[in-house]
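Below: one structure, written as structure tokens.
Every number in this text was worked out from the coordinates using simple rules, so none of it is lab data. Quick caveat, the model's predicted, so the values are computed rather than measured. Glycine also receives a Cβ, built like all others from the backbone with ideal geometry; neighbour counts cover every protein chain displayed.
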Amino acid sequence: MTTQIFQFVGVAFVTAVAAILVKSTKPELAFAVTIAGSIILLLFALEIFRGSIDIFTEIAETTGLNSTIVKTLLKMVGIGYIVEFSAGVLHDFGQDSLADKLIFCGKLIILVLAVPILESVLGLVNDLLRLIA
């Protein structure tokens, strides 16, 4: 993990310097350079996260949780990170309004994904209350 943070920092700095250098001659390409660097960073991060998915699957099997709940939770976290990352890029390019709309849409998607989990939790609470009564 330690070496990967240096990769992240290196890609970020190289992208920033390249975007600054290109901006003086071809401003429209600076945007493309920044997007390319951002995508590379995102792909590096996803590769690290992919290795951790097995841990979550193991936790679900050990605790007896439904695997769809764990998958849904991972989707929710992934959506949150991707939306935050993308909104940050949009903010960098002065597209604050668009970034805010993207964040709103991400929150709506997470809310929709949370409904089945909420139903499951409420069903569990209902079953517990029936056992107590």
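Some points to look at:
- Of all aspartates and glutamates in the structure, the ones whose alpha carbon falls short of 17 Å from that of Lys107, not counting any fewer than 8 places away in one chain, are Glu84, Asp96.
- Tilt relative to the chain, helix 2-25 - C-alpha long axis, 0 to 90 degrees, to 10: 40 degrees
- 222 nm mean residue ellipticity, helices alone, for the chain (DSSP H n ≥ 4; -39,500 (n - 2.57); rounded to 500): -34000 deg cm²/dmol
- Between the residues Ile109, Gln95, Leu65, the greatest Cα displacement towards the positive end of the dipole of segment 65-133, with unit charges on the Cβ of Lys, Arg, Asp and Glu, is found for Leu65.
- For the chain, the longest principal axis of the Cα atoms and the long axis of helix 27-63 meet at an angle of about 20 degrees.
- Derived scalar couplings ³J(HN,Hα) [segment 76-86; Karplus, 6.51 cos²θ - 1.76 cosθ + 1.60; whole Hz; x for Gly, Pro]: 4, 5, x, 4, x, 5, 5, 5, 4, 4, 5
- Local net charge near Pro116, Cβ-Cβ under 14 Å (Lys/Arg +1, Asp/Glu -1): +1
- Rounded to the nearest Hz, the phi-derived 3J(HN,Hα) couplings of segment 108-123 under the Karplus curve 6.51 cos²θ - 1.76 cosθ + 1.60 (θ = phi - 60°) are 5, 5, 5, 4, 4, 5, 6, 4, x, 5, 4, 4, 5, 5, 5, x, where x marks glycine and proline.
- Distance from segment 1-74 to segment 92-133 (C-alpha centre basis), Å: 24 Å
- Cα gyration tensor shape for the chain, rounded if a/c is under 1.5, else prolate or oblate: oblate
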